[in-house]
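Before any comments, here is the structure.
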Amino acid sequence: MVDLTKTRNDPLQQLWDVVENIHAGMLGVEDSHQHMQPMAPFIEKETNSIWFYTKADTDLVQAVRTGDRAHFCVIGKDHDYHACLAGPIDEELSREHVDKFWSPLVAAWYDENGKDDPLLTMLRLRIEDVSIWASTGSSVRFGWEIAKANLTNKEPDVGVHTQLTLPH
């Protein structure tokens, strides 16, 4: 269950915690006219970046041009946390990052050459802004807020929406 106090008081740390605990989110390049695609994120907090392994011949990589922006959308494992992260995206084959995030799970997607697969490449999303929606996972609280809203004609307080701007 998402901690709404943390959403209010330390939303960036909570965001990193959520992203570290998901297997995939949806990544899409603005104005590419392509659907968003599921991608596994590898976070680098110190640079406010998310790295993605992919292959150079994919339509996603072909859609990325210098200066393009992308969105990466995530849903927490309990479905009470939603975030959309946005910023510039670039294809950046960094041997340092290939090594840093490599695992048997990643290796399964590449040929017998592993890290030296000629199609292996990476995308780097430099997060500039984030919008977060966190909601109560408590059915009792949700029910109480709905009943109270119907009695008072005030919007129910079932969650938090916050926006972040991140430095580079």
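For segment 1-10, a residue qualifies if it is part of a helix (DSSP H, G or I) and either charged (D, E, K, R) or surrounded by fewer than 18 Cβ atoms within 10 Å (Cβ to Cβ) (or both), and the qualifying residues are T5, K6, R8, N9. Which of the residues spanning segment 82-121 are of a type in the set (F, W, Y) and either at pLDDT below 95 or touching a Cys at 6+ places or on another chain (Cβ under 9 Å) (or both)? W109, Y110 - these are the residues of segment 82-121 that are of a type in the set (F, W, Y) and either at pLDDT below 95 or touching a Cys at 6+ places or on another chain (Cβ under 9 Å) (or both). Here is the figure for segment 87-116: residues that are surrounded by fewer than 17 Cβ atoms within 10 Å (Cβ to Cβ) and in a loop (DSSP other than H, G, I, E, B) total 10. For K77, the conditions (1) in contact with a Pro (Cβ under 8 Å, 6 or more places away or on another chain); (2) under 14 Å from A24 (Cβ atoms); (3) modelled with pLDDT under 95 are fulfilled apart from (1).
Restricting segment 19-51 to residues that are under 19 Å from T66 (Cα atoms) and free of Cβ contacts under 8 Å to residues at least 40 places away in the same chain leaves a set whose member that is surrounded by the fewest Cβ atoms within 10 Å (Cβ to Cβ) is H33. Of the residues that sit in segment 122-168 and are polar (S, T, N, Q) and at pLDDT 80 or above, which one is nearest to A40 (Cα to Cα)? Top of the filtered list is S131.
The values are calculated or read from the model by the stated rules, or taken from the named source; none is laboratory data. If you're wondering where the values come from, they're calculated on a predicted model, not measured in any experiment. Neighbour counts run over all protein chains shown; Cβ positions are idealised from the backbone, glycine included.
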